[in-house]
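Working notes, beginning with the structure itself.
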Amino acid sequence: MTAGRLIAVVGPSGVGKDSVMEGVAAARPDIHLVRRVITRAPGLGGEDYDAVSEAQFHELANNGAFALYWGAHGLFYGIPQSVRNHLKQGTDCLANFSRKALQAGADAFPNFMVLNITAHPETLASRLTARGRESASEIARRLSEANKPLPEGLDVITLSNDGTLDHTISRSVSLLQPVRG
């Protein structure tokens, strides 16, 4: 049996990563949507996650609960070890990732690929404003970070999410079809 792929979904804030991931998982029930552990208050919208305090997060990390973890934007994010079981069973897994954790992901998972979702700055600004979680200065800072390069040497699929969500999901599903040998 071929191991599943860990598909790291990345892109700037407001690009629609969570919406695309949910749509892909709905269209492809054979893909596992990874539920991250985050040091964020519960119920803030976006992805479905397990909220923990920073102390709880560090305890989990010290006890080996994560296959991979990182800090970004003042929070900590963890990919649970359970993802390894899905991958061993040949299940592809979608995980929301930070661009700065991609190399560590490639080092940790042998069947690793990146779905890099992009959008024009105007699209991002509109979405960030609409979600209402950041101030104008925070939005400006996020927009200034939107075009950070990805590490070289990774298996990357880049996809624009400037159009309709349905179109982006459809393209994602098509582009993520496993290569048959």
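Hey, among the residues in the stretch 142-181 that are at pLDDT below 85 and over 19 Å from residue 97 (Cα atoms), which one's most open to solvent (accessible area, probe 1.4 Å)? Out of the qualifying residues, it is 180.
Would you please name the residue that is most open to solvent (accessible area, probe 1.4 Å), looking only at residues in the stretch 110-125 that are assigned to a helix (DSSP H, G or I) and without any contact (Cβ under 8 Å) to a residue 60 or more places away in the chain? The extreme case among them is 122. Across the stretch 64-91, the number of residues qualifying as among the small types (Gly, Ala, Ser) and in contact (Cβ under 8 Å) with a residue 24 or more places away in the chain comes to 5.
The values are calculated or read from the model by the stated rules, or taken from the named source; none is laboratory data. Small disclaimer: the values here were computed from a predicted structure and weren't measured. Here Cβ is always computed from backbone atoms with ideal geometry, including for glycine, and neighbour counts include all displayed protein chains. Please note that ligands, DNA and RNA were not included when accessible areas were found on the heavy atoms of the full protein model with its side chains. Shrake-Rupley method; radii C 1.70, N 1.55, O 1.52, S 1.80 Å.
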